[in-house]
Amino acid sequence: MDTPRPIIKTIDLWKRYNTDEESFALRGANLEVYPGEILTIFGKSGSGKTTLLNLIAGLDRPTQGKIEIEGNDMEAMGEKVRTELRRKRIGFVFQFFNLLPTLTALENVLFSLELIGKPDKDSALEALSSVGLKGKENRFPFQLSGGEQQRVAIARAIVKKPSIILADEPTGNLDTATGEHVLNLLVSQCKRYGATLIMVSHAMNTCRFATRIINMVDGILVEDRSTGDCEV
Ligand SMILES: Nc1ncnc2c1ncn2[C@@H]1O[C@H](COP(=O)(O)OP(=O)(O)OP(=O)(O)O)[C@@H](O)[C@H]1O
Ligand SMILES: [Mg+2]
């Protein structure tokens with residue numbers, strides 16, 4: 001039987017934002033994620049979680065090290081190919097939702113399909129409906145609650161049916177009950193489409209949904225624990 005191949009692999013990843021600084025945000029982060037995993041990377045503020053996600057998404061470049069997405073070396077491909085890979089294969093859910101304020105919920109979701117040349121309104125409507133926003137498609141972000149905005153962001157990420165979803169503190173700006181609801185939706189949508197999910201968080205609530213938990217400490221991924229050990 002073939003050994004399963006990681007869908008995401010980082011090899012000795014280092015990141016320093018300013019060359020005149022001594023400190024590194026990442027200090028040799030090694031990670032292997034397999035298809036269908038729901039991974040929580042858990043760590044204190046400033047430990048390098050956002051930096052790691054941004055590098056995996058190709059939003060920023062490492063100072064040193066290698067990232068492979070579906071076996072493709074992110075450094076070896078040019079900027080254009082990297083952008084295309086990100087748009088097609090990766091959905092990103094941000095802590096502050098990052099919806100376009102001048103577009104309605106529907107237009108925000110549709111926009112992510114337009115970027116990959118597939119502006120299918122029915123798919124966008126279906127995605128919004130699947131996160132419980134039927135009837136609110138034409139509202140602008142400012143007319144939606146925080147939880148609703150994050151659900152639009154989830155719809156926008158899943159509508160492309162990407163193989164990877166990266167979520168940076170997906171509940172960081174939501175109250176506990178809304179956060180639970182949003183997490184449930186995010187995880188169930190990923191399972192529905194067979195997407196691999198990486199959530200980074202400093203909140204324990206994301207651990208409950210994870211098939212694997214990794215700790216990030218000072219730019220290094222240190223510990224792997226089974227879900228059973230995670231106390232909420
Ligand atoms: N654009 C930047 N320029 C310079 N330093 C940065 C930049 N972004 C992050 N850093 C630094 O890199 C380190 C890791 O930051 P990062 O945002 O990855 O942490 P984090 O784990 O996501 O924290 P939080 O839980 O607060 O979101 C921190 O020391 C931070 O100050
Ligand atoms: Mg962060």
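The values are calculated or read from the model by the stated rules, or taken from the named source; none is laboratory data. Quantities reported herein were computed from a predicted structural model and do not represent experimental measurements. Positions of Cβ are generated from backbone atoms using ideal geometry, with glycine treated the same way; all protein chains shown enter the neighbour counts. These area figures cover heavy atoms from the full protein model, side chains too; ligands, DNA and RNA do not enter into them. Shrake-Rupley method; radii C 1.70, N 1.55, O 1.52, S 1.80 Å.
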Handout entry: residue 169 closer than 28 Å to residue 60 by Cα, under 16 Å from the mean Cα position of the chain (by Cα) and acidic (Asp, Glu)
Key = yes
Handout entry: Residue in the stretch 2-17 that is farthest from ligand 2 (Cβ to nearest atom), counting only those that are in a loop (DSSP other than H, G, I, E, B) and either surrounded by fewer than 13 Cβ atoms within 10 Å (Cβ to Cβ) or hydroxyl-bearing (Ser, Thr, Tyr) (or both)
Key = 2
Practice task
Take the residues in the stretch 161-183 that are more than 16 Å from ligand 2 (Cβ to nearest atom) and in a strand (DSSP E or B), then tell me which one is nearest to residue 208 (Cα to Cα).
Solution key: 165
Fill in the blank from the handout: Pairing a residue in the stretch 145-173 that is closer than 23 Å to residue 115 by Cα with any residue that is within 16 Å of ligand 1 (Cβ to nearest atom) and open to solvent by 10 Å² or more (accessible area, probe 1.4 Å), where Cβ atoms lie under 6 Å and the two sit 6 or more apart in sequence or on different chains, gives 149/97; 150/97; 153/97; 166/92; 168/50; 168/94; 168/95
Handout entry: Among (1) aliphatic (A, V, I, L, M); (2) within 15 Å of ligand 1 (Cβ to nearest atom); (3) open to solvent by 10 Å² or more (accessible area, probe 1.4 Å); (4) touching a helix residue (DSSP H, G or I) at 6+ places or on another chain (Cβ under 7 Å) - the single one residue 203 does not satisfy
Key = (4)
Problem - Candidate set: the stretch 18-76, residues that are assigned to a loop (DSSP other than H, G, I, E, B) and among the β-branched types (Val, Ile, Thr); chosen: the one most open to solvent (accessible area, probe 1.4 Å) - result: 19
Fill in the blank from the handout: Residue count, the stretch 142-158, condition open to solvent by 10 Å² or more (accessible area, probe 1.4 Å) and not polar (S, T, N, Q), comes to 6
Problem - Search result, residues across the stretch 140-160 that are among the basic types (Lys, Arg) and either touching a Lys or Arg at 6+ places or on another chain (Cβ under 8 Å) or not in a helix (DSSP H, G or I) (or both) - result: 160
Handout entry: Hits in the stretch 77-93 - residues which are open to solvent by 70 Å² or more (accessible area, probe 1.4 Å) and charged (D, E, K, R)
Key = 79, 80, 84, 87, 88, 89
Exercise for the section: Can you work out which of the residues in the stretch 96-106 that are open to solvent by less than 50 Å² (accessible area, probe 1.4 Å) and either among the polar types (S, T, N, Q) or assigned to a helix (DSSP H, G or I) (or both) is nearest to residue 151 (Cα to Cα)? Expected result: 105
Practice task
Could you list all residues from the stretch 8-56 that are aromatic (Phe, Trp, Tyr) and over 14 Å from residue 218 (Cβ atoms)?
Solution key: 17, 34
Exercise for the section: Filter the stretch 160-200 down to residues that are at pLDDT 90 or above and small (Gly, Ala, Ser) and give me whichever is surrounded by the most Cβ atoms within 10 Å (Cβ to Cβ). Expected result: 167
